[in-house]
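Working notes for the structure below.
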Amino acid sequence: MKTFFTATIASAVLAGIAAAGTVNFSNFGSTWEIQASGTPISGGFVAVGTTGVSDFSDAGAAQAALAADWTQFGAATDFGGAAAFNLNGFFSGVGSGNGGDAAFSGKNIILVGGNGSGVADSSHLFVIDTGATFEADAPLFAASVDVNSGNALLGAAGGTAVAAGVAGAFQAAPVGAVIPEPGVSVLAIFAAGFLALRRRR
C-alpha cells in the first residue's frame, strides 16, 4: 500500500513537471557573444523571470532594485557550460513553471544575465525586456527569447567578438556588486561583540 501511495505521488509530481510551461532562452539564434569589459563571460548566470523595476538609467541603482525585486521563472543556466557547447559568452537554458501563476501571468518576460552567481554579486549585468509575456497554459505555455528580443535595458552591442563567425559582441553593463550599508555591517559587529561579552559573564 505504501509503495502504491509513493508511486501515485511521484506520478502526479512528474505529470505536473511534464505539463509545466517553458521559456527557452539562448543567444545562439542572434549569435551575439555576451562580454564583460571586452571578455566573453564564463560561468556566471542567465535566467528569465519578471520584475517591477522600470528605471534602468543608473546601472548601480538598477542592480540594487533588481536584486530586491526579481521573480525568477524556473532554473538559471550559465555561460560557456555544456548546454552552450562550452563556448564562453554563449548560453542556452529552459525555464519551467506555471506561466499563469499570479507572479507571472501577463507580465513581460525579462532576460537577465551576469558574471556572478546572481544579480546581487555580479559586477556586470545585462537586462533584456523581451516584449513577450508569461501566459497561462492554453493548453501549454511556451516561449523562446534571445538577446535581440525586445529592448536592452542594461547592456549594449559593441566591442569585438572573440568567437569566429558570430554577429558581434554585446557588452553587459558594469554595475559593481550590491554591498550592504556600512551601518548594517557595523551594527552586526557590535551585536556579535555584545553577545560574546554576555557569554563570558
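Under a Cβ-only charge scheme (Lys and Arg +1, Asp and Glu -1), can you give me the dipole magnitude of region 22-200 about the Cα centre, in debye to the nearest 20?
Details: 4 positive and 12 negative charges, 146 e Å.
Computed about the Cα centre, the dipole is about 700 debye.
Could you check the simple spin-label distance between N86 and N24, using points 7 Å along Cα→Cβ, in nm with one decimal?
2.4
At 7 Å along Cα-to-Cβ for each site, give me the label-to-label distance between S123 and A156 in nm.
If labels sit at S123 and A156, their model points lie 2.2 nm apart.
Hey, with R₀ at 25 Å, roughly what FRET efficiency would A164 and S96 work out to, going by the Cβ-Cβ distance, to 0.05?
Numbers: r = 33 Å, r/R0 = 1.33.
In this case the efficiency is close to 0.15.
Determine how many Å³ per residue the convex hull of the Cα atoms of region 22-200 encloses. Walk me through the numbers before you get to the answer.
On the way: hull volume 26.4 nm³, N = 179.
In region 22-200, the Cα convex hull volume per residue is 148 Å³.
For the ranges 153-160, 73-80, what's the packing order if you count other beta-carbon atoms within 10 Å of each residue, average per peptide, and put the highest first? Present the calculation step by step, with values, prior to reporting the outcome.
On the way: 153-160: 16.4, 73-80: 20.4.
Most protected by this proxy first, the peptides run 73-80, 153-160.
Quick check on region 128-167: take the gyration tensor over C-alpha atoms, sort the square-rooted eigenvalues as a ≥ b ≥ c, and tell me if it's rounded (a/c under 1.5), prolate or oblate. Before the final figure, lay out the partial values.
Numbers: a/c = 5.73, a/b = 2.17, b/c = 2.64.
Verdict is oblate for region 128-167.
Please list, in chain and number order, the residues 5+ apart from A157 or on another chain whose amide H is under 5 Å from its amide H, with Hs placed from the backbone.
Those lying under 5 Å, H to H, from A157 are Q171.
Once you put a point 7 Å from the Cα of S57 and another 7 Å from the Cα of D137, both along the Cβ direction, what distance in nm separates them?
Between S57 and D137, the label points sit 4.3 nm apart.
Just so you know, all these numbers are worked out from the coordinates, no wet-lab data involved. Note that this is a predicted model, so its numbers are computed, not measured. Positions of Cβ are generated from backbone atoms using ideal geometry, with glycine treated the same way; all protein chains shown enter the neighbour counts.
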